[in-house]
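**Student:** The structure that follows is given in the form of structure tokens.
The values are calculated or read from the model by the stated rules, or taken from the named source; none is laboratory data. No experiment lies behind these values; they were computed from the predicted model shown. Here the Cβ is made from the backbone with ideal geometry for all residues, glycine too, and neighbour counts use every protein chain on show.
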Amino acid sequence: MTTTDSLLERVKGPADLRDLDHDQLTHLAAEIRSFMVDAISRTGGHLSPNLGVVELTLALHRVFDSPTDRIIWDVGHQAYVHKLITGRQDEFGTLRQYKGMTGYPSRVESEHDFVENSHASTSLSYALGMALAKQRLGDDSYTVAVIGDGALTGGMAYEALNHIAVLQPPKLIIVVNDNGRSYAPTVGGIAALAHLRFDPRYEWTKKTIGKILRSIPAIGEGADELAHRLKESVKQLIEPGTVFDALGLKYSGVIDGHDIHAIEEHLVHAKSFDEPSVVHIITEKGRGYEPALNNEEDKLHGVGAFDVESGRPAKSELKLTSVAGQAVLKAARDREDLIAISAAMVSPTGLGFMAQEFPDRVIDTGIAEQHAVTLAAGLAMTGMRPVVAIYSSFLQRAFDQIVTDVALHDLPVVFMIDRAGITGPDGSSHHGAFDLSYLRMIPNMTVGAPADAEELCGMLETAWDTTGPIAIRFPKGAAASVPALPVAPLEVGVAELIQEGEDVLLLAVGSTVVPTVKAAGMLAQQGISCGIVNARWVKPLDPRLVEWAAQYPHVVTLEDNVTTGGFGAAVLEELSRNGLAGRVSMLGLPDRFLPSGSAADVAVEVGLDPDSIAKRVAETVQGA
């Protein structure tokens, strides 16, 4: 095999890597980077995280025997290279597409994938559980947790790290992929992990001095403890300790994450210990692709289809996220008490506009949603007006804090919830399918779901003067334009009656309003007359809904949330108190996790596109 051949095409599995020499590995790494840039330019995906872990991934699969040894990827969007070399090259054209290859490890896709780990800071807990189970079962294989890309800013990682230090399971290796970033540069004092080594000389010092001390009768059985203390003193003289060292974990020191030989050497050394150890790899996010390296905002972290030569998006359209961000900026100019908070996603949640103009009033907590919410509570208690901008699927990680730290105290915290409903390519873990349900049940909480950019800005304007907690959720969708700001506030609990009809009342909320209006037009051609209401608010509901519903033999609710406990359930509860429950049918997301794919494709699958809505409503009306 020569280095001029396509090595990547010959790699069908991890075993194919082990006979490659240094030159071939270098050539393969370059091939992989070229392949990923080309493939992701067509499908979109997480580009720069994967460009940074090429050598690390090759080294891991050369040193460990997957799937017997388990490699657990934290923030699984850095597992594309892992997918490439575990037999999924031919599927990359379907990356993040409907019924295609997912953008995260997938237990369905491969025996080499153990966790669909798309929410950060969980790998150490998974890995500890697996290592403990293997220990009990007498399984001598290794468990490797690869954590990084900002995941060590999440508190859950430290809970697990502390527990690992207590239980000391053998055959557990923690690889820290330290690229200094999550979406943006990693924040927090813990991001600087320090530089202590698990140099074999320290172990030699401990053992040698222990032998000498044990030979002295006056010391005897205390020799090992004295040797350990002396070794620790030597280490402290050379370098300060780290959090890993303080916990008693073996620690490698800093390793060049693009030197395969060095990585392999330290991984092999880590395997020699019969206790957990930490291998600290320094990688460069976006390595090998200049447009990513030159992008200071996010290094082209997550991208849609793009032009390979320039790195620019293949198409550019205004998103609701940007509209919300500009509305927040306008409010910040008028209100000095407005403070914005993000959990490692300032730009992706639209707060980049405010951060540029008021950097001291935008707080990035790192990947720490729980802390972000309680931080907002503290700010609100002390006279500030905090807005917490977090994706729907990530905010559910802070459910307890929303309940007991914000709502219990009835604090004026604004939750600006992006990626609500069907999100598309990011797949099952990222669809915002549950927020209406988990927010609606919370006392003191106001919940709004705007139908378009104008309503989004109006609800935000309402939120700035709301006395208690308020959540405004909106989809990952396009906007026609940015409304003239500020937009007039929308009165809480007041719906919009779009049109009256005779046969069926369609109560829609959020992103379902537009397809519902289209479906009503199709139904009119079939002779079915529809009344349409844009509910706007899920909590509180407009009390006129009961009056309107009483005028129709059928009421159909529509939402991009699971029907369990969501908007439809709220309507059903309200109408049941007035003897109208039997008229209600609910259309929403099914009781299962949704696939990857465009929002349009997924909407068709779950029956929330205009054609499906028209068909389902017609069946309801004609089946009476």
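**Student:** How about segment 525-537: which of its residues are touching a strand residue (DSSP E or B) at 6+ places or on another chain (Cβ under 7 Å) and either closer than 18 Å to R616 by Cβ or not in a strand (DSSP E or B) (or both)? Break it down stepwise before answering.
**Tutor:** Taking segment 525-537 as the starting set, the residues that turn out to be touching a strand residue (DSSP E or B) at 6+ places or on another chain (Cβ under 7 Å) are 528, 530-537.
Once the filter is applied, which keeps residues that are touching a strand residue (DSSP E or B) at 6+ places or on another chain (Cβ under 7 Å) and either closer than 18 Å to R616 by Cβ or not in a strand (DSSP E or B) (or both), segment 525-537 yields I528, C530, G531, I532, V533, A535, R536.
So that you can scan it fast, the table gives a plain yes or no per residue for (1) at pLDDT 95 or above; (2) assigned to a loop (DSSP other than H, G, I, E, B):
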{"residue": "P412", "(1), (2)": "yes, yes"}
{"residue": "P425", "(1), (2)": "no, yes"}
{"residue": "S429", "(1), (2)": "no, yes"}
{"residue": "P450", "(1), (2)": "yes, yes"}
{"residue": "C457", "(1), (2)": "yes, no"}
{"residue": "L460", "(1), (2)": "yes, no"}
{"residue": "I472", "(1), (2)": "yes, no"}
{"residue": "K476", "(1), (2)": "no, yes"}
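**Student:** Further, regarding this structure: With (1) part of a helix (DSSP H, G or I); (2) touching a helix residue (DSSP H, G or I) at 6+ places or on another chain (Cβ under 8 Å); (3) of a type outside the set (S, T, N, Q); (4) buried (at least 24 other Cβ atoms within 10 Å of the Cβ) as the list, and V146 as the residue in question, which single condition is left unmet?
**Tutor:** (1)
**Student:** Just need a number here: residues in segment 7-17 that are part of a loop (DSSP other than H, G, I, E, B) and out of contact with any helix residue (DSSP H, G or I) (no Cβ under 7 Å at 6 or more places or on another chain). First the steps, then the outcome.
**Tutor:** First pass over segment 7-17, keeping only residues part of a loop (DSSP other than H, G, I, E, B): 11-13.
Next, from what is left, pick out any that are out of contact with any helix residue (DSSP H, G or I) (no Cβ under 7 Å at 6 or more places or on another chain): 12-13.
Number satisfying all stated conditions: 2.
Here is a yes/no grid of residues against (1) in contact (Cβ under 8 Å) with a residue 24 or more places away in the chain; (2) assigned by TED's automatic domain parsing to the domain that holds L608; (3) surrounded by fewer than 20 Cβ atoms within 10 Å (Cβ to Cβ); (4) not basic (K, R):
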site	(1), (2), (3), (4)
L460	yes, no, no, yes
D465	yes, no, yes, yes
G468	yes, no, yes, yes
V509	yes, yes, no, yes
Q525	no, yes, yes, yes
C530	yes, yes, no, yes
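**Student:** Any idea which of K271, K330, K250 is farther than 30 Å from L167 by Cβ and basic (K, R)?
**Tutor:** Values: K271 fails: farther than 30 Å from L167 by Cβ; K250 fails: farther than 30 Å from L167 by Cβ.
It is K330.
This table checks each residue for (1) hydroxyl-bearing (S, T, Y); (2) surrounded by 24 or more Cβ atoms within 10 Å (Cβ to Cβ).
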{"site": "G366", "(1), (2)": "no, yes"}
{"site": "A372", "(1), (2)": "no, yes"}
{"site": "A377", "(1), (2)": "no, no"}
{"site": "V387", "(1), (2)": "no, yes"}
{"site": "S392", "(1), (2)": "yes, yes"}
{"site": "Q396", "(1), (2)": "no, no"}
{"site": "L411", "(1), (2)": "no, no"}
{"site": "S437", "(1), (2)": "yes, no"}
{"site": "M441", "(1), (2)": "no, no"}
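**Student:** Going through A30, A59 one at a time, which residue ends up being in contact with an Asp or Glu (Cβ under 9 Å, 6 or more places away or on another chain) and not acidic (D, E)?
**Tutor:** Values: A30 fails: in contact with an Asp or Glu (Cβ under 9 Å, 6 or more places away or on another chain).
The match here is A59.
**Student:** Looking only at segment 227-255, count every residue that is in a helix (DSSP H, G or I) and either at pLDDT 95 or above or closer than 14 Å to V175 by Cα (or both) and tell me the total. Walk me through it before giving the result.
**Tutor:** Taking segment 227-255 as the starting set, the residues that turn out to be in a helix (DSSP H, G or I) are 227-238, 243-246.
Narrowing further to those that are either at pLDDT 95 or above or closer than 14 Å to V175 by Cα (or both): 244.
Going through segment 227-255 one residue at a time, the tally reaches 1.
**Student:** Quick check on this structure: which one of S110, S118, S106 is under 22 Å from M345 (Cβ atoms), among the polar types (S, T, N, Q) and in the same structural domain as N50 (by TED's automatic domain parsing)? If you could, list the steps in order and put the result at the bottom.
**Tutor:** Working: S110 fails: under 22 Å from M345 (Cβ atoms); S106 fails: under 22 Å from M345 (Cβ atoms).
Going through S110, S118, S106 in turn, just one is under 22 Å from M345 (Cβ atoms), among the polar types (S, T, N, Q) and in the same structural domain as N50 (by TED's automatic domain parsing): S118.
**Student:** From V37, V54, which residue is under 25 Å from T94 (Cα atoms), of a type outside the set (D, E, K, R) and touching a Lys or Arg at 6+ places or on another chain (Cβ under 7 Å)? Break it down into steps so the answer makes sense when it comes.
**Tutor:** Values: V37 fails: touching a Lys or Arg at 6+ places or on another chain (Cβ under 7 Å).
Exactly one of V37, V54 is under 25 Å from T94 (Cα atoms), of a type outside the set (D, E, K, R) and touching a Lys or Arg at 6+ places or on another chain (Cβ under 7 Å), namely V54.
**Student:** Further, regarding this structure: In this structure, is L545 buried (at least 17 other Cβ atoms within 10 Å of the Cβ), over 20 Å from Q622 (Cα atoms) and in contact with a helix residue (DSSP H, G or I) (Cβ under 6 Å, 6 or more places away or on another chain)?
**Tutor:** No: the conditions fail for L545.
**Student:** Would segment 296-313 turn up any residue that is of a type in the set (F, W, Y) and within 23 Å of the chain's Cα centre (by Cα)? Before the answer, list the steps.
**Tutor:** Taking segment 296-313 first, the residues of a type in the set (F, W, Y) are 306.
Now narrow it down to the ones that are within 23 Å of the chain's Cα centre (by Cα): 306.
Yes: segment 296-313 contains one or more residues that are of a type in the set (F, W, Y) and within 23 Å of the chain's Cα centre (by Cα).
**Student:** When you scan segment 18-108 for helices (runs of 4 or more DSSP H) that lie fully inside it, which ones turn up with 2 or more residues that are at pLDDT below 95? If you could, list the steps in order and put the result at the bottom.
**Tutor:** Values: elements: 22-43, 48-51, 54-63, 80-84.
In segment 18-108, 22-43, 48-51 are the helices (runs of 4 or more DSSP H) which contain 2 or more residues that are at pLDDT below 95.
**Student:** Just to be sure before I move on: is H258 assigned to a loop (DSSP other than H, G, I, E, B), closer than 25 Å to Y80 by Cβ, in contact with a strand residue (DSSP E or B) (Cβ under 9 Å, 6 or more places away or on another chain) and in the same structural domain as L56 (by TED's automatic domain parsing) in the structure I sent? Break it down into steps so the answer makes sense when it comes.
**Tutor:** On the way: assigned to a loop (DSSP other than H, G, I, E, B): yes; closer than 25 Å to Y80 by Cβ: yes; in contact with a strand residue (DSSP E or B) (Cβ under 9 Å, 6 or more places away or on another chain): yes; in the same structural domain as L56 (by TED's automatic domain parsing): yes.
So H258 passes the test.
**Student:** The conditions are (1) within 24 Å of A157 (Cα to Cα); (2) of a type in the set (D, E); (3) assigned to a helix (DSSP H, G or I), and E116 fails exactly one of them. Which is it?
**Tutor:** (3)
**Student:** Just one of (1) part of a loop (DSSP other than H, G, I, E, B); (2) outside the structural domain of I173 (by TED's automatic domain parsing); (3) of a type outside the set (S, T, N, Q) trips up F273, so point out which.
**Tutor:** Exception for F273: condition (2).
**Student:** Can I ask one more? Which of the residues belonging to segment 458-479 are of a type outside the set (D, E, K, R) and within 22 Å of L507 (Cα to Cα)?
**Tutor:** Step one: list which residues in segment 458-479 are of a type outside the set (D, E, K, R), which gives 458-460, 462-464, 466-472, 474-475, 477-479.
Selection gives G458, M459, I470, A471, I472, F474, P475, G477.
**Student:** Just checking, does segment 372-383 include any residue being of a type in the set (V, I, T) and free of Cβ contacts under 8 Å to residues at least 12 places away in the same chain?
**Tutor:** yes
**Student:** So which of S310, S316, S277 ends up being among the hydroxyl-bearing types (S, T, Y) and touching a strand residue (DSSP E or B) at 6+ places or on another chain (Cβ under 7 Å)? Please lay out each step first, then the result.
**Tutor:** On the way: S310 fails: touching a strand residue (DSSP E or B) at 6+ places or on another chain (Cβ under 7 Å); S316 fails: touching a strand residue (DSSP E or B) at 6+ places or on another chain (Cβ under 7 Å).
The match here is S277.
**Student:** Now a separate question. Hey, can you tell me all the residues within segment 541-562 that are more than 20 Å from P515 (Cβ to Cβ), among the acidic types (D, E) and touching a residue at least 24 places away in the same chain (Cβ under 8 Å)?
**Tutor:** Hit for segment 541-562 is D542, nothing else.
**Student:** When you scan segment 569-586, how many residues do you find that are hydrophobic (A, V, I, L, M, F, W, C) and free of Cβ contacts under 8 Å to residues at least 40 places away in the same chain?
**Tutor:** First, the residues of segment 569-586 that are hydrophobic (A, V, I, L, M, F, W, C): 569-572, 575, 580-581, 584, 586.
Those still in the list that are free of Cβ contacts under 8 Å to residues at least 40 places away in the same chain too: 572, 575, 580-581, 584, 586.
Residues in segment 569-586 being hydrophobic (A, V, I, L, M, F, W, C) and free of Cβ contacts under 8 Å to residues at least 40 places away in the same chain: 6 in total.
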